[in-house]
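Scroll down for the structure; my scribbles are underneath it.
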Amino acid sequence: MTKPRYDVIAIGNAIVDVMSPCEEELIEELGLARGGMTLIDTDRAKELYAAMGPAREISGGSAANTLAGISALGLQCSFIGQVADDQLGEVFAHDIRAAGIDFDVAPRAGDPPTGRCLIFVTPDGQRTMNTFLGASHYLPRESLNVEAVADAAVLYLEGYMWDPQEPRAVMRQAIEAAKAAGRKVAFTLSEVFVIDMHGGDFRAMIDDGLIDILFANHHELAALTGEDDLEAGIAALAPKVPVLVVTRSADGAVAVADGERAEVPAEPIDEVVDTTGAGDLFAAGFLTGHVRGESLTRCLEMGAVAASEIISHFGARPEADLAELMKKRFG
């Protein structure tokens with residue numbers, strides 16, 4: 001098989017994060033689900049935006065964040081997602097291209113506007129996300145470049161995109177194209193509520209052998225398997241997935257691949273500023289190691305290093321030189 005044009009191609013929500021620090025009391029006053037991600041409509045988005053203090057606009061979206069990390073580590077990436085023809089759409093397109101990632105989907109005219117995630121960050125660094133998906137919901141089939149998917153070593157998909165019908169159809173078609181070309185499919189479960197809605201689809205894809213690399217945190221693993229115990233959840237899922245990666249926040253991460261098991265602690269960090277994007281950047285480090293043929297332990301370690309960088313500052317895109325951090329850590 002010839003060397004693929006892309007190391008990783010991803011399909012995900014094209015979203016701009018609007019981030020604001022806040023006190024715990026505001027979370028309660030607004031009735032927010034602390035530490036979680038809630039989908040909101042236009043009216044709720046306006047209400048929450050009005051309640052925010054000074055905010056920063058930073059391009060986000062789970063899979064796009066992951067690609068930003070992978071690209072920063074020197075791999076070739078492409079992103080498929082939908083923005084509107086508006087100011088935030090321009091921000092997103094500029095930022096992802098500036099990160100060295102190919103992005104060719106045309107902006108969508110008219111309403112709804114580009115998606116945005118209103119993120120309230122409490123003093124402990126915990127983020128409470130409220131997402132208006134906007135134009136991301138309307139990713140059309142014609143946005144999918146099947147040839148590009150077939151020419152990528154890994155297709156990376158985010159569970160968040162499974163809810164709207166059009167993007168789900170695009171992702172199913174992309175999986176078919178990747179599998180037909182002998183490529184790998186990586187999938188992140190994204191959030192417990194996503195599994196509550198679509199766990200049946202996810203379990204079916206796993207049972208059908210369509211997922212080669214699965215990312216989950218402990219809570220998502222429990223929701224998917226019905227096993228609250230971490231080890232029981234891993235035992236239930238590992239035989240069905242070639243590579244299973246489970247993150248455990250401050251407790252590090254564990255991965256099982258072809259019967260081999262590896263565990264690493266979280267990287268030490270002076271202060272957790274903002275946990276937005278920690279899982280996204282963990283996936284970036286892990287996938288970079290995987291594409292480069294690193295050991296399972298090293299892949300986990302690379303994920304931990306990338307995650308530690310992202311939680312040291314506001315925003316879900318790297319600010320430090322990730323490649324330099326990896327060089328310092330591993331030589």
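Once phi is turned into ³J(HN,Hα) by the Karplus curve 6.51 cos²θ - 1.76 cosθ + 1.60 with θ = phi - 60°, what whole-Hz value does each residue of region 312-319 show in order, with x for glycine and proline?
8, 8, 5, x, 9, 10, x, 9
For region 18-35 and region 196-215, write down the distance between their C-alpha centroids in whole Å.
32
What residue among A236, A316, A178 has the largest mean-square fluctuation in a Gaussian network model of the chain, using Cα springs under 10 Å?
A236
Of all DSSP beta bridges located in the chain, what percent are antiparallel, nearest 5?
Roughly 40 percent of the beta bridges in the chain run antiparallel, per DSSP.
For a quick check: with amide H placed at 1.01 Å from N, whose amide H comes under 5 Å from T38's, ignoring anything fewer than 5 positions away on the same chain?
M129, N130, T131
If a helix is a whole DSSP H run, which ones in the chain reach 18 Å or further along their own axis (Cα) and hold a mean Kyte-Doolittle hydropathy of at least -0.5?
Once both thresholds are applied, what remains is 192-207, 278-291, 296-310.
Could you run the Karplus curve 6.51 cos²θ - 1.76 cosθ + 1.60 with θ = phi - 60° over region 103-111 and give me ³J(HN,Hα) per residue in whole Hz, x for Gly and Pro?
8, 10, 6, 5, x, 9, 6, x, 7
Please work out whether region 1-121 counts as rounded, prolate or oblate from its C-alpha gyration tensor, where a ≥ b ≥ c are the square roots of the eigenvalues and a/c under 1.5 means rounded, while otherwise a/b larger than b/c means prolate and anything else oblate? Walk me through the numbers before you get to the answer.
Details: a/c = 2.61, a/b = 1.83, b/c = 1.43.
Here region 1-121 falls in the prolate category.
Given N residues in the chain, what is its alpha carbon radius of gyration divided by 2.2 N^0.38 Å?
Rounded to two decimals, the normalised Rg is 0.92.
Return the calculated 222 nm mean residue ellipticity for the chain, to the nearest 500 deg cm²/dmol, obtained by summing -39500 (n - 2.57) across DSSP H runs with n ≥ 4 and dividing by the residue count. Mind showing how you got there, number by number?
Details: 12 runs with 130 residues, N = 331.
My calculation for the chain gives -12000 deg cm²/dmol from helical runs alone.
Students often forget the sequence filter, so: which lysines lie under 22 Å Cα-Cα from K179 once same-chain residues fewer than 8 apart are removed?
Partners found: K3, K240.
What is the distance in Å between the Cα centres of region 57-84 and region 249-279?
A separation of 21 Å, based on Cα centres.
How would you rank T128, T66, T276, going from fewest to most other Cβ atoms within 10 Å of each one's own Cβ?
Ascending number of Cβ neighbours within 10 Å: T128, T276, T66.
Among the DSSP beta bridges whose two residues both lie in region 193-329, what percent are antiparallel, rounded to the nearest 5?
65
Across region 257-270, in residue order, what do the Karplus-derived ³J(HN,Hα) couplings come to in whole Hz, using 6.51 cos²θ - 1.76 cosθ + 1.60 with θ = phi - 60° and x for Gly and Pro?
Listing the rounded values in order: 9, 6, x, 7, 10, 9, 9, 9, x, 5, 5, x, 8, 5 Hz.
Running a GNM on the chain with Cα contacts under 10 Å, which residue among G60, G36, G285 ends up with the highest mean-square fluctuation?
In the Gaussian network model the winner is G36.
How large is the Kirkwood hydrodynamic radius of region 82-189, counting all unique pairs of alpha carbons, in Å?
Every distinct Cα pair counted, the radius reaches 15.3 Å.
I need the GluC sites (Glu not before Pro) found in region 149-253, filtered to DSSP loop residues with at most 10 other beta carbons within 10 Å of theirs.
In loop regions of region 149-253 (DSSP not H, G, I, E or B), there are no sparsely surrounded GluC sites (Glu not before Pro).
Throughout, read-outs are computed from the coordinates displayed, never taken from laboratory work. These figures come from a predicted structure and were not determined experimentally. Cβ sites come from the backbone with ideal geometry, for glycine too, and all protein chains shown count toward neighbours.
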